[in-house]
Amino acid sequence: MKKCSKDLFWSDPSWTNDPYLSPFKPIIRSRFEKALAAAEKLKNKNPWAKIANYHEIFGLHRDKKGWVFREWAPNATAMFILTPANNWEKHSAWEVKGPDPKGIFEARFPNSFFCHEQLYRLKVVWDGGEGDRIPTAATRVIQDSTTYIFNAQVWAPDQPYRWQSENPKLSTAPLLIYEAHAGMALEEGRVGTWREFADYILPKVIDAGYNTLQMMAIQEHPYYGSFGYHVSSFFAPSSRFGTPDDFRYLVDRAHQAGIRVLMDIVHSHSVKNEVEGLSRFDGSLYQFFHDNDRGEHTLWDSRCFDYGKQEVLIFLLSNLRYFLEQFRVDGFRFDGITSMLFADHGLGRAFTGYQDYFGDDVDEDALSYLYAASDLVHEIHPGAVTIAEDVSGYPGLAAPATLCGTGFDFRFSMGVPDYWIKLLKEVRDEAWHMGGLWYELTRHRDEERTISYVECHDQALVGDQTVMMRLMGGEIYTSMEKSNTSITTRRAVALHKMIRLVTLACAHKGYLNFMGNEFGHPEWIDFPSPANGYSYHHARRLWSLKYDKNLYFPDLFAFDKQMIALAKQTQLFAWDYPALLHIHEDDKILAFERSKLIFVFNFHPEHSFSDYLIHAPAGKYEMRLDTDESRFGGLGRLNPDQVHFTSPIGDLIENRHALSIYLPSRCALVLARV
């Protein structure tokens, strides 16, 4: 981990430009130094790869002598491996001896005791009780379709997976993320697989132009409806989507297409289940988690890690290394960071002032873990991407370690989708405040890189609505035919494109879209449960809508594809800040420049403007994108081949120029200087 420079830290403009942060610099530095000291103590001058080796030491492994099994269970008094060979009962031949003074159990077995795909689990005994358990470092876990019991499975194929490609080098490319879930990616009402995603859905991502795939629900989770966020076996890719090699196949196919693969990593909490998960693994509540109320997340009904324990740190850091090396993922989106950082998990807090971030309620051990996690990822895979999902806005999460930051590459601009929801729910179109919109879409801390999005999976879950559902309401099922000219439909189609374009154009360093929303997917996400009769009707994606030429959905996709292509062709995010050119509250006009492009938005629901003057650098401009094109479901009110020339305005000494353009209502256009 790189030490921060004292002189740079105290003088760097990215910090001192924020006078409200200055009083807290001693706390920021103190927390960084604590994290640095904890990491250095853990590493002891070794590389992270040598320290983050939990999965190499524990679990079941084959070597030249046969099989060796180890487990860490300091509160346990005895341990047995249960398999069909011993009728799932304790037997002395299958006993794992221990614990040693460090709480480690170990046993060796002949080659004949285990084979590829054999099922097994543990019987862990402690003073006053015992219980069936899944090994903490299990790399393959499957559920019996009849008994619903989870077991570990030996995964030792004769031939290891043969990779066909290397990790793509996309460090200079704009970060355009496609968020996806393999299980619900198919249109059929069932659970999809890794291979089906690679063969049938990945080509759609490639065609859409996104260069980064962010996969959800990779780690094993006993309840499908948890969306993958109640993890039970941290080192096991979920078997409901296929084998570990099937997941490798997906990553490999993406890399062949030049697409990075990021995974949601859930280190903020763990499922409460005791047989399938880590909770009370050795009979104690405090092996991996806090022992008191801090160990319980009451809202999520899950367990909270104790990041102050060295064994827990090694477990979690090893988990990162495992997926980087074994599955060649290109980075991680760290879920639930707010819950990790604050004693109250940030529940019900507005975080309106810096005092909210620098009080005694911050878990500095958790912050130290995040420092170490970021450092490990970049040491093992220098081109990897780390993204912080934090709703609190904790300063410095995505600041470089040289500035005493946590070192994440990006953070999500989680206020952007909230702002769009607020506008669509509470404010009439004609009352949208252009200044407020510009502020919300462009604000970010100087020292951090951010990723913007209109909606992710959160906005599509039951209890919420996608933007297209919010725009159309129930009419999305009856009024999306191209023959429909109702105000509701025209408004929804127009705003869906404009909202996405302005969000992308104002995004700082990256943009994200959730699977299917690029074409205005109408369905919310509701996984099978007793409440819906275990139906898969809302746990799928209706791809057929995207190809029905009688509907507007293909037009929305055509626009999104063109928008993404423009961002890549112009290296849009290479320009850190869009430059405001014009804003008018009554006219609902917003115009700005970025990457030698002029973006002009007319959000007015009724008024079109002729010969509207927009200040711009002198020159000749060509149309690059028009949301009103008929092929994008628009009214076709602009000539696609039109060329604009600026004219001098005002005092010639000032050398000011402006474009005079026609701006139809609810329309946006992008002009490129020739």
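The values are calculated or read from the model by the stated rules, or taken from the named source; none is laboratory data. Keep in mind that this is a model prediction, so the values were computed, not measured. Glycine also receives a Cβ, built like all others from the backbone with ideal geometry; neighbour counts cover every protein chain displayed. Surface accessibility is based on the protein's heavy atoms, side chains included, excluding ligands, DNA and RNA. Shrake-Rupley method; radii C 1.70, N 1.55, O 1.52, S 1.80 Å.
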Cross-link table 425/497; 25/50; 509/568; 50/309, entries beyond 23 Å C-alpha to C-alpha: 25/50
Once the principal axes of the Cα atoms of the stretch 122-217 are found, what is the range along each, listed largest first in whole angstroms? 58, 33, 30
Starting from the coordinates of the alpha-carbon atoms of the stretch 173-295, obtain the Kirkwood hydrodynamic radius over all distinct pairs and give the value in Å to one decimal. 15.6 Å
Computed over the stretch 453-519, the relative contact order (Cα-Cα under 8 Å, seq sep at least six) in percent reads 47 percent
Which value in Å does the Kirkwood hydrodynamic radius of the stretch 330-465 take, with 1/r averaged over all unlike C-alpha pairs and then inverted? 16.2 Å
Give me the number: length gained by fully extending residue 458 to residue 624, i.e. 0.36 nm times residue separation minus the C-alpha to C-alpha distance, one decimal in nm. 56.5 nm
In 5 Å bins starting at 0, how do the alpha-carbon pair distances of the stretch 480-599 split up by percent? 2, 10, 16, 17, 16, 14, 12, 8, 3, 2, 1
Over the Cα atoms of the stretch 479-547, what radius of gyration and what Dmax do you get, in Å? 15.5, 43
Stick to Cα atoms and the Kirkwood definition of Rh, then tell me Rg/Rh for the stretch 10-92. 1.31
Only sites in a loop by DSSP and with at most 10 other Cβ atoms within 10 Å count here; which trypsin sites (Lys or Arg not before Pro) in the stretch 101-209 make the cut? 102, 162, 169
In the P(r) worked out for the chain, what percent of Cα pairs fall beyond 51 Å? 15 percent
Please list, short to long, the whole-number percent of alpha-carbon pairs of the stretch 533-674 in consecutive 5 angstrom bins beginning at zero. 2, 9, 16, 19, 18, 14, 8, 6, 3, 2, 2, 1, 0, 0, 0
Total charge of the residues flanking residue 262 in space, meaning their Cβ is under 13 Å from its Cβ, with Lys and Arg +1 and Asp and Glu -1, is -3
Using a simple spin-label model with points 7 Å from Cα along the Cα→Cβ vector, what separation in nm is obtained for residue 163 and residue 402? 2.8 nm
Please identify every one of the chymotrypsin sites (Phe, Trp or Tyr not before Pro) in the stretch 383-480 that sits in a loop by DSSP and has no more than 15 other beta carbons within 10 Å of its own beta carbon. none
Which whole-angstrom value gives the distance between the alpha carbon centres of the stretch 67-138 and the stretch 266-282? 18 Å
Can you grab the distance from the C-alpha centre of the stretch 404-447 to the C-alpha centre of the stretch 169-248, Å, no decimals? 27 Å
Heavy-atom accessible area per residue, the stretch 509-562, 1.4 Å probe: how many Å²? 34 Å²
When the helices in the chain are scored as -39500 (n - 2.57) per DSSP H run of 4 or longer and the sum is shared across all residues, what 222 nm value do you end up with, to the nearest 500 deg cm²/dmol? -7000 deg cm²/dmol
Kindly report the accessible area of the stretch 337-415 per residue (heavy atoms of protein chains, probe 1.4 Å, no ligands, DNA or RNA), in Å². 29 Å²
Given a 1.4 Å probe and every protein chain left where it sits, what share in percent of the accessible area of the chain is carbon and sulfur? 50 percent
Please state the relative contact order of the stretch 231-293 as a whole percent: Cα pairs under 8 Å, 6+ residues apart? 30 percent
Using a 1.4 angstrom probe, figure out how much accessible area the stretch 94-160 has per residue, in square angstrom, rounded to the nearest whole. 51 Å²
Binning at 10 Å from 0, report for the stretch 27-136 what percent of all alpha-carbon pair distances ends up in each bin. 13, 36, 25, 15, 8, 2
So, in Å, what gap is there between the alpha-carbon centers of the stretch 618-640 and the stretch 534-582? 17 Å
